[in-house]
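The values are calculated or read from the model by the stated rules, or taken from the named source; none is laboratory data. Because the structure is predicted, anything quoted here is derived from the model rather than measured. In this analysis, Cβ positions are derived from the backbone assuming ideal geometry, glycine residues included, and neighbour counts consider all displayed protein chains.
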Amino acid sequence: MVDRTYKKLEGMTLKYVSGLLQENPRESSIFYEVTFDLGLDFLHFVKMANSYIPGYLDNPINAIRPELDGIAYHYSYNYLFRHAGNIHDSEALFKVFASPAYYMNQWGTGAELEVRYGEPAFKVVRGKLRITARQDFRLKNGNARIHIENLPIISFNWALNLMLGHLKMPIIASPGSVVVCMYTEEDEVDVGGRKMFRGTRYMVGSKLAFGVIKPGQILTAQ
C-alpha cells in the first residue's frame, strides 16, 4: 500500500446485495458467491482523475485497473483505446473493464489455502455496476476436506487504479499507476490482525454457515 497513492472518492460506493456459502465436494472446496452494486459518481471521478492525470479520459494509452479483492481478480489492466474521448458517464466507463474475459478463474496458492476466483458477471442496474462473482477455498494438499472454520477474514474491495500511458515512438511503454480511487477512508485499522482501510466491508469466513450470507454478516472495518 505504501507504494501507491490511495484516495477516497466521494460518491464511490459498495453495496451488498446477496450471497451464498456452499460446499463443493467434487473439488474438496468451499465457495461463496456474492453480488454487489458498485457505485461511482462520474463527476467526482473525472475531477479526481484530471487532478492527477490531466485529460485522463481523452488519451487512448492511459489505462485503468479495477481492484476487486474478495470479489474478482483482474488479470492486468485495460487501455482506454477506442473508448478515449467517448466516456461521458459511469456506464461508458464500466464498459472499459466489465467483461468476464479480463478476470482470473484459475486456482492459485494463498498464504494458508488454495484460492480461486470465478469469472464475474456484470450488468448495469440503475446506474450502478452489479457484479456477481465467487471465490473458492481448499486446503493446500487438495485432498483433505476443508471446514468453515478454516476460512479467513475476507475483505471486499472496489477501487479503480488510474494509470498514465507513456508513448515514446515507436514504442508504447507500460502505463504506471498514479492514483487509486476507492470507496473507503484513507486511514487503516486492524481487523483480526489484518490491516484494512477504515470503512472496508468484510466478513469473517470462519463464522459463516452454509446457505444465505445475511447482510448483518457483512461488517465494516472501524
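Here's a check for you: in region 61-91, which residue that is touching a helix residue (DSSP H, G or I) at 6+ places or on another chain (Cβ under 7 Å) and among the small types (Gly, Ala, Ser) is farthest from Leu164 (Cα to Cα)?
For region 61-91, the residue satisfying everything is Ser90.
Evaluate the following for Asn59: is it surrounded by fewer than 14 Cβ atoms within 10 Å (Cβ to Cβ), of a type outside the set (A, V, I, L, M, F, W, C) and touching a residue at least 60 places away in the same chain (Cβ under 8 Å)?
no
Just wondering, is there one or more residues in region 122-138 that are under 30 Å from His44 (Cα atoms), among the basic types (Lys, Arg) and assigned to a helix (DSSP H, G or I)?
Checked region 122-138: no residue is under 30 Å from His44 (Cα atoms), among the basic types (Lys, Arg) and assigned to a helix (DSSP H, G or I).
List every residue pair whose Cβ atoms sit under 8 Å apart, with the two residues 6 or more apart in sequence or on different chains, where the first one lies in region 87-112 and is farther than 22 Å from Gly55 by Cα and without any contact (Cβ under 8 Å) to a residue 24 or more places away in the chain and the second, anywhere, is surrounded by 16 or more Cβ atoms within 10 Å (Cβ to Cβ) and hydroxyl-bearing (Ser, Thr, Tyr).
Asn105/Tyr117
Given the criteria modelled with pLDDT under 95, out of contact with any helix residue (DSSP H, G or I) (no Cβ under 6 Å at 6 or more places or on another chain) and in a strand (DSSP E or B), does Ile172 qualify?
It is true that Ile172 is modelled with pLDDT under 95, out of contact with any helix residue (DSSP H, G or I) (no Cβ under 6 Å at 6 or more places or on another chain) and in a strand (DSSP E or B).
Among the listed residues Val2, Val46, which satisfies the condition of being at pLDDT 95 or above, on the phi < 0 side of the Ramachandran plot and of a type in the set (Val, Ile, Thr)?
One residue alone meets the criteria, Val46.
Restricting to region 3-23, name every residue that is farther than 21 Å from Leu93 by Cβ and surrounded by 16 or more Cβ atoms within 10 Å (Cβ to Cβ).
Tyr16, Gly19, Leu21 - these are the residues of region 3-23 that are farther than 21 Å from Leu93 by Cβ and surrounded by 16 or more Cβ atoms within 10 Å (Cβ to Cβ).
Given (1) crowded, with 20+ Cβ neighbours inside 10 Å; (2) over 22 Å from Glu186 (Cβ atoms), identify the lone condition not met by Gly70.
Just one mismatch for Gly70, condition (2).
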